[in-house]
Structures are given as structure tokens and as C-alpha cells.
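Values in this text are rule-based calculations from the coordinates and carry no lab data. These numbers were taken from a predicted model, which means no experiment stands behind them. Heads up, the Cβs are rebuilt from the backbone with ideal geometry, glycines too, and the neighbour counts pull from every protein chain shown.
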Amino acid sequence: MDNADIQKKCTEFLNALGVPGFIVFGWQKPDEQFGFVYSNHKMPVPVVIKGMTFVLSDFVNKKL
């Protein structure tokens, strides 16, 4: 699957939940490459930015 296919499935997933949401999805592609997509469903941009900032900080603090 390419990025557009994954993006579509993520968007469909959020729509099916029926609640506002935002997800980032990463996966391993062939040849040791990686892909990342995000999907936003009715989440205000400031909330997404705050959430992404928190998650990035938390991830870095736990993994480094």
C-alpha cells in the first residue's frame, strides 16, 4: 500500500468512530523505509498541536 491508501484507511477509521479525533500512523515499508500519515476528524488545530507536542515530548523523554 502507498501513503494515499494508508491515509484513506486512517480517515475512514476516524469517520467510523463518529467522534472528533486525530491520529498519526507509522509503518515499515519494503527496503527498510518507513511511512507516516496523519488524519484529522473535526479536531481544532490548537488542540492537535498541544496533543502532538505532549506526545512528542513524552516519547522523547521515555526513549532517549
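Numerical summary
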item	result
Surface/4 of the Cα convex hull for the chain, nm²	5.2 nm²
Ser57, Ser39 arranged by Cβ crowding within 10 Å, fewest neighbours leading	Ser57, Ser39
Residues in region 1-26 that a label on Met43 would reach, taking backbone N under 17 Å of a point 7 Å out along Cα→Cβ	7-26
Neighbour-count ranking [beta-carbon atoms within 10 angstrom, fewest first] of Thr53, Thr11	Thr53, Thr11
Within the chain, helix-based [θ] at 222 nm, where runs of 4 or more DSSP H residues each add -39,500 (n - 2.57), nearest 500	-18000 deg cm²/dmol
Relative contact order for the chain, counting Cα pairs under 8 Å that sit 6 or more residues apart, in percent	29 percent
Gap separating the Cα centres of region 14-47 and region 48-64, nearest whole Å	15 Å
Max mean-square fluctuation residue, GNM over the chain, Cα-Cα springs under 10 Å, options Val19, Val48, Val37	Val19
